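For reference, the structure discussed in these notes is given below.
The values are calculated or read from the model by the stated rules, or taken from the named source; none is laboratory data. None of these values were measured; they are calculated from a predicted model. Cβ coordinates were reconstructed from backbone atoms using ideal geometry, including for glycine residues, and neighbour counts include every protein chain displayed. Calculation scope for accessible area: heavy atoms of the full protein, side chains included, ligands and nucleic acids excluded. Shrake-Rupley method; radii C 1.70, N 1.55, O 1.52, S 1.80 Å.
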Amino acid sequence: MADSMWFDWLSLLLCSSVYLILAETAQSGTENIEVQVHLYPSHVPQGATPTFFCKLNGNFDAVTIQWMKDGSLLPRDDPRFRTAHSTEGYILQIRILKASDAGSYTCVANGKNNSSSHSDSTMLYVIVPPTVQKPGKMSVVEGSNAVLNCTATNHLFIRWQYHGQFIDYLPRYEVNQMGAQLTILKVTTVDAGNYTCIVYNERFSTRETVELVVLGMHVSSFPNVQTVLWCVPFQEDLLSLLTLGILASLQVKQ
């Protein structure tokens, strides 16, 4: 009788242990999920179609996937956002990328009945064309230095052209470190014309043109005035001499 009771207790203990192990395994099915989000490259030009990959490691048969941007669910009514499921995992595509699409994207794996949630995030950077402030016409006097400025945003570097040729490394031209300022030393009338600044970033380039007007060193009008002043006494003397000559001739005739 004692042996039978001992066997019953042992059987109950083993069954309980097996039940606990199975229950623990069932509950931890989604707890062991590892979520990895990949986007390559992370810097994508405007207008392109980036693709996010969300890979799950573990038991992901009983999970649902959600995509979020900057902590908010992506709009379902926007046809630019497309989701799919492939052998590589879950996919999110953004068509006709906009500057406003930049931000943090998160793949959320929710367990069955929302029992658990796992996620991973990655950043998307949108490359947009540089913008350049349109410069106005600039006038300088011949022999002085001309300073041309190119004010731009979203750029990496700037280069300058004159008549279609790059000039930022030629003599008499000085360019600051970022290329935003071009100085022409001791300009002449030959330097007059259109100068173009070309602004570059990783993918795009934008250009604007500034017209340089060189004012020549014309003779001042003041020397002419001085000449007139010198001529006035001479003209008065000549008039006086002519008057005296006429009077003298009249006296001789008389």
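Stretching the chain fully between GLN161 and LEU74 yields a gain of 26.8 nm (0.36 nm per residue, less the alpha carbon separation). For GLN133 and SER104, what does the FRET efficiency come to when R0 = 22 Å and r is the distance between their Cβ atoms, rounded to the nearest 0.05? In this case the efficiency is close to 0.10.
Normalised Debye scattering of the range 83-143 at q = 0.12 Å⁻¹ gives log10 I(q)/I(0) of -0.55, counting only Cα atoms as equal scatterers and leaving out solvent.
Centre-to-centre separation between the Cα atoms of the range 121-173 and those of the range 177-202: 7 Å. A 1.4 Å probe run over the range 48-202, with the rest of the protein chains in place, finds 57 Å² accessible per residue.
Under a cut-off of 30 Å between alpha-carbon atoms, report the lysines in cross-link reach of LYS55, not counting same-chain residues fewer than 8 places apart. Within reach: LYS69, LYS98, LYS112.
To the nearest 10, the accessible area of GLU88 is 120 Å² with a 1.4 Å probe.
For the range 51-210, the relative contact order works out to 19 percent when only alpha carbon pairs closer than 8 Å and six or more residues apart are counted. Ranked by the mean number of other Cβ atoms within 10 Å of their residues, highest first, the peptides 186-195, 78-87 fall in the order 186-195, 78-87.
Straight-line reach from LYS137: taking Cα to Cα under 29 Å and skipping same-chain neighbours fewer than 8 places apart, the lysines in range are LYS186.
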